[in-house]
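Peer 1: Got a structure here, written out as structure tokens. Questions coming.
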Amino acid sequence: AAAMATDADVISFQEVSPTWAAVLQRGLADRYPYHRLVARNNCYGIALFSRLPFLRVDVLPLQCRSMLCAEVATSAGPVRLLSVHATSPGSYGHYRERNAQLKELASVVNDSPMPVVLFGDLNTVSWDHALVDLCSRTGLREHADNTDATWPSFAGLALIPLDHILVTKELAVDGLDIFRISGSDHCGISAVIRSRS
């Protein structure tokens with residue numbers, strides 16, 4: 001219900017279990033006829049729902065995780081979407097894995113022949129050197145308000161901004177909104193993406 005209330009053209013979900021995937025499929029498939037779900041029994045399942053037609057959609061490896069890479073048709077031309085849930089850096093090994101994922105994302109973004117929107121739970125904050133490096137290597141940028149906290153979301157409060165919407169130079173992020181999702185430890189994040197041309 002929270003996702004549908006945004007009236008977004010594209011919606012990404014992380015932490016998608018098989019049970020959660022079935023719920024999303026039943027609840028969203030009619031309004032979002034283009035979708036791809038990769039359910040996992042750990043917290044790294046991912047799903048992408050779109051009203052915009054997929055020109056293609058692939059599940060790509062991101063170190064030991066999966067990400068969704070979709071190309072959608074928009075009125076301004078095709079756009080590549082990268083839906084990502086990076087590894088939570090709860091240990092030194094996971095921290096190194098998360099940094100390697102962000103480094104790998106730089107190559108994926110730079111290899112794109114079209115504008116890119118990268119979004120999801122990147123398990124990092126805007127001032128972390130790994131995210132700063134990703135942005136400096138690719139030209140990705142986020143809305144100035146993307147420092148609003150999204151996690152952990154309890155009793156209407158959150159502490160740090162782990163969730164991000166980043167775009168390449170051909171695009172701009174307008175109208176960023178952080179919203180509560182009942183039962184989730186993350187807030188949702190939505191934005192209007194527009195062409196700069």
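The values are calculated or read from the model by the stated rules, or taken from the named source; none is laboratory data. Since the model is a prediction, treat every value here as computed from it, not as a measurement. Heads up, the Cβs are rebuilt from the backbone with ideal geometry, glycines too, and the neighbour counts pull from every protein chain shown. Remember, those area values only see protein heavy atoms, side chains included, never the ligands or the DNA or RNA. Shrake-Rupley method; radii C 1.70, N 1.55, O 1.52, S 1.80 Å.
Peer 1: What value, in deg cm²/dmol to 500, does the helix sum -39500 (n - 2.57) over DSSP H runs of n ≥ 4 give at 222 nm once divided by the residues of the chain?
Peer 2: Details: 4 runs with 44 residues, N = 197.
Calculated mean residue ellipticity at 222 nm is -7000 deg cm²/dmol.
Peer 1: May I pose another question? Using 0.36 nm per residue of separation minus the Cα-Cα distance, give me the extension gain between K169 and W20 in nm, one decimal. Please report the intermediate quantities before stating the final value.
Peer 2: On the way: separation 149, 0.36 × 149 = 53.64 nm, distance 3.46 nm.
Extra length available between K169 and W20 comes to 50.2 nm.
Peer 1: A further question follows. Give me the one-decimal nm value for the distance between modelled label points at A73 and R141, 7 Å along each residue's Cα-to-Cβ direction.
Peer 2: According to this spin-label approximation, the distance is 3.1 nm.
Peer 1: Whenever you get a sec, compute what percent of the accessible area on region 45-179 sits on carbon and sulfur atoms (1.4 Å probe). Could you put the intermediate results ahead of the total?
Peer 2: Details: 3210 of 5690 Å².
Within region 45-179, the accessible surface is 56 percent carbon and sulfur.
Peer 1: Compute the semi-axes of the equivalent ellipsoid of the chain, taking the square root of 5 times each eigenvalue of the Cα gyration tensor, and list them largest first in whole Å.
Peer 2: Numbers: eigenvalues 92, 88, 62 Å².
Taking √(5λ) for each eigenvalue gives 21, 21, 18 Å, largest first.
Peer 1: Want the number for I181 to D148: 0.36 nm per residue separation, take away the alpha-carbon distance, what's left?
Peer 2: Between I181 and D148, full extension yields an extra 10.3 nm.
Peer 1: Please compute the length gained on full extension between S107 and W127, using 0.36 nm multiplied by the number of residues separating them and subtracting their Cα-Cα distance.
Peer 2: Values: separation 20, 0.36 × 20 = 7.20 nm, distance 2.05 nm.
Separation in residues times 0.36 nm, less the Cα-Cα distance, equals 5.1 nm.
Peer 1: Place a point 7 Å from the Cα of R56 along the Cα-to-Cβ direction; which residues of region 79-122 have their backbone N under 11 Å from it?
Peer 2: Hits in region 79-122 for R56 at 11 Å: 113.
Peer 1: Further question on the same structure: In terms of modelled amide H atoms, which long-range or inter-chain residues lie less than 5 Å from the amide H of E15?
Peer 2: G45
Peer 1: With the crude spin-label approximation of a point 7 Å out along Cα→Cβ, what separation in nm comes out for A1 versus C43?
Peer 2: 2.5 nm
Peer 1: Still on this model: Just report the Cα centroid separation between region 82-128 and region 16-76, whole Å.
Peer 2: Measuring centre to centre over Cα atoms gives 17 Å.
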